[in-house]
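Have a look at the structure below, then the notes.
The values are calculated or read from the model by the stated rules, or taken from the named source; none is laboratory data. Every value quoted in this text rests on a predicted model; they were computed, and no experiment measured them. Reconstructed Cβ throughout: ideal geometry from the backbone, glycine too, with neighbour counts over all protein chains shown. Quick note on the areas: whole protein, heavy atoms, side chains included, nothing else; ligands and nucleic acids left out. Shrake-Rupley method; radii C 1.70, N 1.55, O 1.52, S 1.80 Å.
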Amino acid sequence: MNSSAAATARLLGAALRSLLVLTVLCGVLYPLAVTGLAQAFFPHRAAGSEVREGGSGRVVGSSLIGQRYDLPARAGRAPAPDPRWFQPRPSDGLGTSTVDPRHRPLLSGATNLAGDNPELIRSVEAARAAVIEDNSTPGHPVRAAEIPADALTSSGSGLDPDISPAYARLQTHRVAERNRLPIRQVARLVEEHTQGRALGFVGEPRVNVLALNTALRELVAGR
């Protein structure tokens with residue numbers, strides 16, 4: 001073997017050894033170490049931030065991914081929001097959850113439409129009309145000025161699990177009426193599930209819809 005071939009063989013051998021070492025380190029040992037540390041110190045987050053029902057312990061979803069609460073689908077009709085539950089922000093990316101806790105986040109992302117886009121304007125106007133119709137109750141009509149922006153527009157990901165306290169409060173009369181609960185009891189439930197700004201100054205106050213509906217389900221079941 002001449003010197004050129006020997007040098008090439010040494011380079012190939014070094015490259016293969018490096019590939020093997022890096023594969024073991026980065027593809028086996030590092031993932032195992034990270035997984036082990038996560039399971040040891042952050043088990044809830046490592047498991048996907050699962051939310052469970054208090055009574056049965058059944059997993060009903062993740063606190064990080066939004067889901068819809070619709071009535072059972074009917075032939076030839078689009079799914080309609082179930083008036084018994086608090087509803088999330090509008091989004092085509094949210095999967096349906098009534099009794100079935102599965103969510104199908106097939107679409108994730110914003111519309112990327114400009115504020116003066118006719119399609120976006122029509123969508124917002126339709127959402128406003130639906131919010132007014134769905135949430136108005138006898139003696140408590142919803143006015144357009146009361147509707148917060150997150151009730152009419154999707155989030156950047158389309159999978160936001162939270163709504164604003166204002167949108168949650170707007171839905172309390174409808175939820176209380178449909179579940180035959182005192183309005184004060186439902187309003188207190190919203191208050192208890194309102195989270196403040198992170199670190200006291202980052203972001204906005206928010207309400208996790210899944211956690212709120214899980215507590216509502218337990219409240220209705222315990223009557």
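Descriptive notes on the structure:
- The listed residues are Ala151, Ala126, and the only one of them that is within 29 Å of Gln195 (Cβ to Cβ) and either open to solvent by less than 70 Å² (accessible area, probe 1.4 Å) or basic (Lys, Arg) (or both) turns out to be Ala151.
- Among residues of region 128-156 that are without any contact (Cβ under 8 Å) to a residue 40 or more places away in the chain, those with a beta-carbon under 8 Å from a residue that is surrounded by fewer than 16 Cβ atoms within 10 Å (Cβ to Cβ) and assigned to a loop (DSSP other than H, G, I, E, B) at least six positions away or on a different chain give the pairs Ile132/Pro141; Ile132/Arg143; Val142/Ser136.
- Exactly one residue out of Glu133, Glu177 is in a helix (DSSP H, G or I) and in contact with a helix residue (DSSP H, G or I) (Cβ under 9 Å, 6 or more places away or on another chain): that is Glu177.
- Residues in region 32-81 that are over 27 Å from Val220 (Cα atoms), assigned to a helix (DSSP H, G or I) and open to solvent by 60 Å² or more (accessible area, probe 1.4 Å): Leu32, Val34, Thr35, Leu37, Gln39, Ala40, Phe41, Pro43, Arg45.
- Number of positions in region 166-223 that are open to solvent by less than 40 Å² (accessible area, probe 1.4 Å), within 27 Å of Gly57 (Cα to Cα) and charged (D, E, K, R): 0
- Matching option when the condition is under 21 Å from Asp70 (Cα atoms) and within 20 Å of the chain's Cα centre (by Cα), among Arg206, Arg180, Arg197, Arg169: Arg169
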